[in-house]
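> For reference, the structure I am asking about is given below.
Only the coordinates and a few stated rules stand behind these numbers; no lab work does. Keep in mind that what you see is a predicted model, and the values were worked out from it rather than measured. Note: ideal-geometry Cβ built from the backbone for every residue, glycine included; neighbour counts use all protein chains shown.
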Amino acid sequence: MKKSTDKKIKLSLMFLFTLFVFIISFGIGRYKINFSEIIKVFASKFIYIEKTWKNEVETVMFQVRLPRIIAATLIGSSLSVAGAVYQGLFRNPMVSPEVLGASSGAGFGAALGILLNMAYASIATMSFSFGLLAVFLAYNISKFSKLNKTLSMVLGGIMIGSIFSSLISFLKLVADPINILPSITYWLMGSLASIKISDIKFASIPIIIGLIPIFLLRWRLNLLTMGEEEAKSMGVNTSILRIICIICASLVTAASVSISGMIGWIGLVIPHFARLIVGYDYKYLIPACIFLGSGYLLIIDDIARILTTSEIPIGILTSLVGAPVFLILLLKEEVS
């Protein structure tokens with residue numbers, strides 16, 4: 001009982017931390033907004049407060065920064081949860097949301113859309129579609145393989161991801177080096193700079209559809225980590241549960257990558273941090289990944305905005321921070 005209470009307290013503290021980072025992110029950037037102004041502007045939407053701030057403050061907060069802050073919250077939580085699900089599903093701590101090729105497929109779809117000079121909405125749709133296609137192909141390869149289903153799915157995902165990565169390289173080779181190639185390269189680095197409300201609306205539907213079943217079924221994920229036989233002996237239909245988890249994790253991964261580009265390491269590192277704080281029980285691990293993933297990507301995005309005069313692609317920063325942190329965890333034998 002005491003352990004359960006401790007974990008709930010930790011989750012509450014993580015939520016408050018994420019909420020604090022969410023609020024202060026509105027004030028971070030080239031146009032500085034102090035904390036008191038942020039609170040007053042938000043409060044003015046619910047109660048009467050005498051206006052003491054410039055019109056530009058509300059414009060920057062709600063039209064420029066709100067979309068990318070919401071995007072960072074959604075994407076950070078989605079990739080973290082997807083990583084935790086895949087690690088439990090395949091019982092492998094080194095697995096990330098890229099394991100079934102969703103990120104590479106989504107990257108190819110976006111690169112193809114940019115090459116064909118499509119509208120931004122069409123590029124996001126292409127990216128999302130090819131991300132799901134990659135997972136579909138990896139899953140079907142495992143169905144026809146004579147190897148262990150889990151192993152064959154991972155190997156199929158690696159193969160499909162490699163194929164799409166090669167196709168991305170081919171598109172970059174044939175793209176116009178003046179106009180198209182820089183756009184493809186920048187998109188692949190990952191960024192939230194050009195996120196709009198329409199992008200949030202596009203990605204939020206599959207993300208919510210994917211996260212809700214995972215959240216509701218999180219206690220069953222504990223049984224999958226015990227192995228097929230143990231789960232079946234407790235009355236769990238492992239085949240259906242595995243398919244649901246794969247579909248949901250793939251949905252949130254493809255949707256996230258489709259609007260932000262390829263942002264790595266979040267789905268690999270954050271679940272390990274969450275386990276250090278709340279343990280291995282998915283009842284607490286999934287909410288912890290939601291809070292930690294959101295807060296982490298918000299912080300990285302804030303750093304990207306202020307570190308240099310020209311904004312650094314967020315995918316570069318997540319790799320620069322994530323790789324050393326994961327190495328420290330590995331050396332301390334905390335990765336499990």
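> Enter the per residue convex hull volume of the chain, computed from alpha-carbon coordinates, in Å³ rounded to the nearest integer.
Cα convex hull per residue, to the nearest whole number: 155 Å³.
> Rank by packing, highest mean first: peptides 127-135, 142-150, 25-33, with packing defined as the count of other Cβ atoms within 10 Å averaged across residues.
The peptides rank, most packed first, as 127-135, 25-33, 142-150.
> Going highest first, how would you order 302-308, 159-165, 116-122 by mean Cβ packing within 10 Å?
Ranked by mean Cβ neighbours within 10 Å, highest first: 159-165, 302-308, 116-122.
> Cβ under 12 Å from LEU285's Cβ, LEU285 left aside: what net charge do those residues give with Lys, Arg +1 and Asp, Glu -1?
After counting each charged neighbour, the total is +4.
> Same structure, new question: Tell me the mean residue ellipticity at 222 nm calculated for the chain from its helices only (DSSP H runs of n ≥ 4, each -39500 (n - 2.57), averaged over every residue, nearest 500).
Value at 222 nm, helices only, nearest 500: -25000 deg cm²/dmol.
> Report ³J(HN,Hα) in whole Hz for each residue of the stretch 296-302, in order, from the Karplus equation J = 6.51 cos²θ - 1.76 cosθ + 1.60 where θ = phi - 60°; Gly and Pro get x.
Residue by residue, the stretch 296-302 yields 5, 5, 4, 5, 4, 5, 4 Hz.
> Could you tally the net charge around GLY83, taking each other residue with its Cβ under 12 Å from the Cβ of GLY83, Lys/Arg +1 and Asp/Glu -1?
Charge balance near GLY83 sits at 0.
> List the relative contact order of the chain as a percent without decimals, with contacts defined as Cα pairs under 8 Å and 6+ residues apart.
The normalised contact order for the chain reaches 29 percent.
> Under 26 Å Cα to Cα from LYS146, which lysines show up? Leave out anything in the same chain fewer than 8 places away.
List returned: LYS232.
> Return the subset of LYS3/LYS45; LYS51/LYS196; LYS8/LYS196; LYS54/LYS196; LYS149/LYS283 for which the Cα-Cα distance in this structure is over 31 Å, preserving the input order.
LYS3/LYS45; LYS8/LYS196
> Show the residues, 5+ positions off or on another chain, whose built amide H is closer than 5 Å to the amide H of ASN92.
none
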